[in-house]
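Right, one structure below, let's go through it.
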Amino acid sequence: MSTSNTFRRCSSCQSEMETFLPELDPAHREIYDDFCTKSRSNDIPNSEVERAQLQSLIERNSSDLQRYDDAIARLQDQRNQLDKIVQYQKSLISPIRKLSPDVLGEIFELVTTDQFINLEIYGSKARGIGRVFGLTWICSWWRKLILSRPTPWSRIQLRLDDLNAINTSQFINMMEEVLLRSGTTPLCLKLTRDDESYFSEFQLSVLDTLAGNTMYRCKDLEIRLNSFSQLDKLLSLLASGTHFELMKLSIVIWDTYRLETKPSRFLEHLSLNFPRLQTLKTPFLRLTDPIDLANLTILQIHVKIFGGYMRGLLERCPLLQGLWVSSFRSQNDTPPSLASVCHTHLTSLTVDYRDKQFPDGVWDYVQLPNLTFLSVYSNVPDAFFETRNSFNELKTMLKYSRCMLQNVDFLFVPDTAVSLFFQDVPVSPECRVEVDEIPYQVPFHSS
């Protein structure tokens with residue numbers, strides 16, 4: 001029993017490739033059927049001669065199997081190499097190769113625009129994660145192009161947790177390299193810290209590196225901390241000078257929702273530093289805080305407003321389009337002035353009844369004639385909507401404003417309060433309404 005084979009050369013690399021006949025020798029099938037029958041009938045060799053002959057066949061066939069396996073392995077290696085050659089050949093004629101560096105650079109920026117470069121300490125070592133790194137691994141041409149464009153390097157998230165921060169210089173060097181690649185491009189910077197301890201030397205060195213020109217380049221700054229005790233050091237980076245680039249400031253403090261009173265210090269020492277600020281997300285706001293709100297279009301106050309009423313807030317934000325408010329806390333019981341505010345820019349309002357601290361008169365003398373989107377969230381007992389009139393005052397303000405709502409969302413608001421709302425407040429016939437994230441059919445007897 002033998003198998004003939006020939007050799008031919010690869011058209012690409014001209015190496016010899018062993019080629020076996022395309023069809024199996026018919027004798028193989030006969031031999032297989034013979035031994036299959038003997039195995040099923042237990043027809044074993046009885047004599048020493050028969051055993052020796054069978055052992056010889058086993059050794060010869062095993063040798064043939066090894067030869068086949070070796071040939072298959074060689075062919076697989078050759079196939080893999082040829083596949084790589086074909087991929088490179090296809091790459092050389094792919095349409096993306098014809099793009100100019102400017103167009104390809106714009107594509108790279110689109111690919112990286114929705115993801116931050118995440119710099120952190122992981123397992124006592126510095127680690128950077130982001131799509132921009134993957135793009136530098138494709139080829140030297142792409143790497144050179146990516147390294148020459150600052151925008152893909154301008155969205156940075158720094159995780160300041162250092163449970164095992166041993167080699168701090170490694171992290172600082174990595175951060176400085178990314179900042180260097182970003183050039184003078186305005187930055188989107190996110191600072192996060194989950195632990196409650198004091199800032200370590202490692203964390204302070206990171207903040208010191210960020211101070212100065214780096215912070216002045218921020219156009220979007222997000223700060224996420226676990227407690228207010230950590231905030232002063234971070235805000236001290238912003239306290240001096242004018243930050244012309246900053247357009248969005250977000251401050252998230254995880255323990256704010258457990259506080260019964262206002263923090264001792266907050267935005268009060270940020271004096272008119274952000275002339276272009278358009279979006280502000282903050283847990284607290286005093287109406288007397290010296291931060292400039294004149295150019296705001298989006299304002300989210302997730303916990304409390306101190307010392308005032310809605311019209312006082314709207315007067316400070318003449319261009320505001322979207323507003324999220326939670327509870328109010330008035331500093332005194334002095335009746336507000338009777339000056340009315342008609343705010344024509346505000347189109348979206350979210351009211352989050354996080355606690356019962358909504359004093360009477362919050363919505364008095366306010367008109368929002370162009371309001372189209374309303375969300376009301378409740379985290380208080382149902383009795384709040386029956387015994388307090390702040391929700392009724394909200395309805396009165398909306399009716400007085402003569403706005404035509406087109407989108408309304410209620411979450412955890414009592415059914416009775418929802419029903420009474422649509423009896424008192426006019427909505428568009430095409431208004432989309434959801435109650436507890438379920439579509440709600442409005443009975444259109446309201447006007």
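The values are calculated or read from the model by the stated rules, or taken from the named source; none is laboratory data. Since the model is a prediction, treat every value here as computed from it, not as a measurement. We place every Cβ from the backbone using ideal geometry, glycine too, and count neighbours over all the protein chains shown.
Against the list (1) in a strand (DSSP E or B); (2) modelled with pLDDT of 90 or more, the condition residue 191 fails is (2).
Residues in the stretch 28-78 that are touching a residue at least 12 places away in the same chain (Cβ under 8 Å) and of a type in the set (Asp, Glu): 64 only. Here residue 44 meets the list (1) closer than 30 Å to residue 140 by Cβ; (2) surrounded by 10 or more Cβ atoms within 10 Å (Cβ to Cβ); (3) at pLDDT 85 or above; (4) not basic (Lys, Arg) almost entirely, failing just condition (1).
Taken as a whole, the structure leaves residue 263 outside the set of residues that are part of a loop (DSSP other than H, G, I, E, B), at pLDDT 80 or above and outside the structural domain of residue 175 (by TED's automatic domain parsing).
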